[in-house]
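The structure appears below as structure tokens.
What follows draws every value from the coordinates through simple rules; no lab data is involved. On a predicted model such as this, the values are computed, not experimentally measured, just so you know. Heads up, the Cβs are rebuilt from the backbone with ideal geometry, glycines too, and the neighbour counts pull from every protein chain shown.
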Amino acid sequence: MIEMRQLGVGNDSATTQRLIASAPAGAAVTLSTGYFNLTDEYSRCVTASEAAYDVLMAHPSANGFLGAKGAAGGIPHAYTLLAHRFRLKLAQLGHQV
């Protein structure tokens, strides 16, 4: 699959969104990502789903930007913040976290 939105090619994101949305109730799904940055579309699919999702993501210490000077040094912590906010959103919606 390929994703080059600037050229109008988005089959990777379309396929991923369809896979997430098609998980049947009661299914166990694991999403794995080096960087936690779910798109709004993916987030909506996960929160609307009746499947059980586990998200596996890299620890901030595995990010090459950890310890970088300037704003780049905050990138690993930004991904952690995004994951934390998503977890809070799931809890607010009544999902088991």
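Calculate for the chain the 222 nm mean residue ellipticity that helices alone would give, adding -39,500 (n - 2.57) per DSSP H run of length 4 or more and normalising by residue count, nearest 500 deg cm²/dmol. Don't jump to the answer; show the numbers that get you there.
On the way: 3 runs with 38 residues, N = 97.
After summing the helix terms and dividing by residue count, I get -12500 deg cm²/dmol.
Dividing the Cα radius of gyration of segment 3-92 by its Kirkwood radius returns 1.02 for Rg/Rh.
Applying both filters, DSSP loop and at most 11 other Cβ atoms within 10 Å, to the trypsin sites (Lys or Arg not before Pro) of segment 43-97 gives LYS69.
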